[in-house]
Amino acid sequence: MNDEVLFNAVLSPNRSLAKNGFLLVLGLTTVLCMVGGALFLLVGAWPVTGFLGLDLALLFVALRLSYRSGCLTETVQLRRASLTVFRFFPNGRKASWRFQPYWLKVEFDHEADYNNQLILTSKGKRLSLGSFLSPAERTEFATALMLALHRCRGLTNTT
């Protein structure tokens with residue numbers, strides 16, 4: 001009973017381009033580069049074909065790096081005795097932080113539109129959460145976390 005999860009949230013960056021979209025964009029760009037390269041070859045400007053190939057390779061690398069950065073996730077779990085944050089990095093590394101909910105303070109400026117940050121502070125430790133979220137998502141998450149902490153403190157005081 002004491003170990004039940006009172007609040008659980010998984011935060012991850014938004015990705016507007018799904019895997020099918022990635023393949024479609026890369027496929028269409030490949031076709032355009034091949035057609036353009038063939039036309040430049042026909043008019044005798046063969047070096048341009050190499051640059052079109054380089055553009056295609058750079059586009060592929062940029063999209064892959066963007067997808068890789070999207071693998072960053074943060075999991076926030078609140079139990080009566082602790083709030084634990086797990087951060088999973090794209091390279092497979094994992095980090096975790098544990099806070100006592102009674103002493104935890106959530107620093108969040110609701111007034112700041114685009115510069116709002118969500119920072120957990122407790123006993124000299126500071127941790128920024130959800131930096132990859134949009135301001136509206138960060139506001140929604142901060143509100144939900146503060147409410148869950150308030151409820152958790154109420155449960156702790158009554159038992």
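The conditions of being surrounded by fewer than 18 Cβ atoms within 10 Å (Cβ to Cβ) and either more than 15 Å from F7 (Cα to Cα) or at pLDDT 90 or above (or both) are not met by R138.
Please verify whether R64 is under 30 Å from L23 (Cβ atoms), open to solvent by 50 Å² or more (accessible area, probe 1.4 Å) and modelled with pLDDT of 90 or more, treating the condition exactly as stated. Full working, then the answer.
Details: under 30 Å from L23 (Cβ atoms): yes; open to solvent by 50 Å² or more (accessible area, probe 1.4 Å): yes; modelled with pLDDT of 90 or more: no.
Here the answer is no, as R64 does not meet what is asked.
Kindly check whether there is at least one residue in segment 109-128 that is under 28 Å from N20 (Cα atoms) and either of a type outside the set (A, V, I, L, M) or modelled with pLDDT under 85 (or both). Can you show your working first?
Within segment 109-128, the first condition is being under 28 Å from N20 (Cα atoms), and the residues that meet it are none.
Checking segment 109-128: not a single residue is under 28 Å from N20 (Cα atoms) and either of a type outside the set (A, V, I, L, M) or modelled with pLDDT under 85 (or both).
Residue pairs whose Cβ atoms lie under 9 Å apart, sitting 6 or more positions apart in sequence or on different chains, and linking a residue in segment 15-37 that is within 16 Å of L54 (Cα to Cα) and surrounded by 14 or more Cβ atoms within 10 Å (Cβ to Cβ) to a partner that is modelled with pLDDT of 90 or more and of a type in the set (G, A, S), are C33/G53; G37/G50; G37/G53.
Tell me the residue from L83, L147 that is closer than 16 Å to A9 by Cα, at pLDDT 90 or above and open to solvent by 70 Å² or more (accessible area, probe 1.4 Å), please. Spell out how you get there, then give the answer.
On the way: L83 fails: open to solvent by 70 Å² or more (accessible area, probe 1.4 Å).
On inspection, the qualifying residue turns out to be L147.
Name the strands (runs of 3 or more DSSP E) wholly within segment 58-135 that hold at least 2 residues that are within 14 Å of the chain's Cα centre (by Cα)? Break it down stepwise before answering.
Details: elements: 73-78, 83-88, 94-99, 105-108, 118-122, 125-129.
Filter on segment 58-135 gives 73-78, 83-88, 125-129.
Take L23 and decide whether it is over 18 Å from the mean Cα position of the chain (by Cα), outside any loop (DSSP other than H, G, I, E, B) and modelled with pLDDT of 90 or more. Spelling it out, it is not the case that L23 is over 18 Å from the mean Cα position of the chain (by Cα), outside any loop (DSSP other than H, G, I, E, B) and modelled with pLDDT of 90 or more.
The values are calculated or read from the model by the stated rules, or taken from the named source; none is laboratory data. The structure displayed is predicted, hence computed values, not measured ones. In this analysis, Cβ positions are derived from the backbone assuming ideal geometry, glycine residues included, and neighbour counts consider all displayed protein chains. With ligands, DNA and RNA removed, areas are computed over all heavy atoms of the protein, side chains included. Shrake-Rupley method; radii C 1.70, N 1.55, O 1.52, S 1.80 Å.
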